[in-house]
Amino acid sequence: MRRKFIVGNWKMNTSRASAIELAKVVAAGVGSSGARVAVCPPAVYLEAVAATLAGSRVELGGQNAYFTNAGAFTGEHSPAMLKDIGCGLVILGHSERRQFFGETDEFVAKKAKLALENGLEPIVCVGETLQERQAGKTFEVLRTQLLGSLQTIEATHLPQVVIAYEPVWAIGTGVNATPEQAQEAHAFLRGLIAEKYGLPLSKSLVILYGGSVKADNAATLFGQPDVDGGLVGGAALDAKGFLQIVAAGA
Ligand code: 13P
């Protein structure tokens, strides 16, 4: 049985004070059992949030990391640095990074490899745009992105990889994929993993859904057989709502 996993992606939001407060309320509210939970604050607040989460079961992740561990890469931070300050996870290949910062599958694959080598679990994001969906290209796009982004990943590392299906048209729009649409995409992604890595690894792979997950739709989305939890943006900035989403994954 795959355990549900709920991850809050705070994106470029919060202040130092509000990040600490949000982390504090989430840590106090998650209880001792239920879904696995993580938050991914902005990089500059990671250390403050790490201190706030100390002793709680809420895990910490970065929103991005580069594909070398040190060097002349102004403005970047490495997987080793994330690990150093207490992260266990890193989101990679989010559609906002693909769209606004030109990240390609090959680039994401290099980052995922180094993240794994540094003991971080990459949350590798894939998802089609509205235009691609309307053109009937959803599966083609998902295949290219998933296999491209995992091209560096050996089967032995797959158990440390998390996939997030985030249809671009559902991100920040308030229009979530229907449970049926999410299930269809997740089953397709799991099938691709089965082809490449074999059935047992595909069965244990955690695939999160992201895109307008909220307290009132989380339970139905997470109730789908291939949906193993959520990567939550906007709704993760409200502690009460986020905790309700966590509870929906219990
Ligand atoms: P929203 O939950 O705000 O739609 O964002 C989803 C997302 O991009 C999480 O990574």
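Quick look at the values:
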read-out	value
Once the Cα gyration tensor of the chain is diagonalised, semi-axes √(5λ) in Å	25, 22, 17
Mean Cβ count within 10 Å, highest first, over the residues of peptides 167-180, 97-110	167-180, 97-110
Peptides ranked, highest mean first, by Cβ atoms within 10 Å: ranges 128-141, 74-87	74-87, 128-141
Label-point separation, LYS24 to PHE101 (7 Å along Cα→Cβ), nm	3.0 nm
Set of lysines with alpha-carbon distance to LYS11 below 20 Å, sequence-local pairs under 8 removed	LYS24, LYS83, LYS111, LYS214, LYS240
Accessible area, probe 1.4 Å, largest first, for residues TYR197, TYR165	TYR197, TYR165
With DNA, RNA and ligands ignored, accessible area of LYS203 (1.4 Å probe; Å², nearest 10)	120 Å²
Theoretical gain in end-to-end length, ASP84 to ASN69 [0.36 nm per residue, Cα-Cα removed]	4.3 nm
Computed [θ] at 222 nm, helices only, for the chain once each DSSP H run of length n ≥ 4 contributes -39500 (n - 2.57)	-12000 deg cm²/dmol
Residues ALA17 and LYS203, FRET efficiency given R0 of 41 Å [Cβ-Cβ distance, rounded to 0.05]	0.45
Percent carbon-and-sulfur accessible area, the chain, ignoring ligands, DNA and RNA, probe 1.4 Å	55 percent
Net charge, GLU21 excluded, C-beta distance under 14 Å - Lys, Arg +1, Asp, Glu -1	+2
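The values are calculated or read from the model by the stated rules, or taken from the named source; none is laboratory data. The structure displayed is predicted, hence computed values, not measured ones. We place every Cβ from the backbone using ideal geometry, glycine too, and count neighbours over all the protein chains shown. Surface areas here come from the heavy atoms of the whole protein model, side chains and all, with no ligands, DNA or RNA. Shrake-Rupley method; radii C 1.70, N 1.55, O 1.52, S 1.80 Å.
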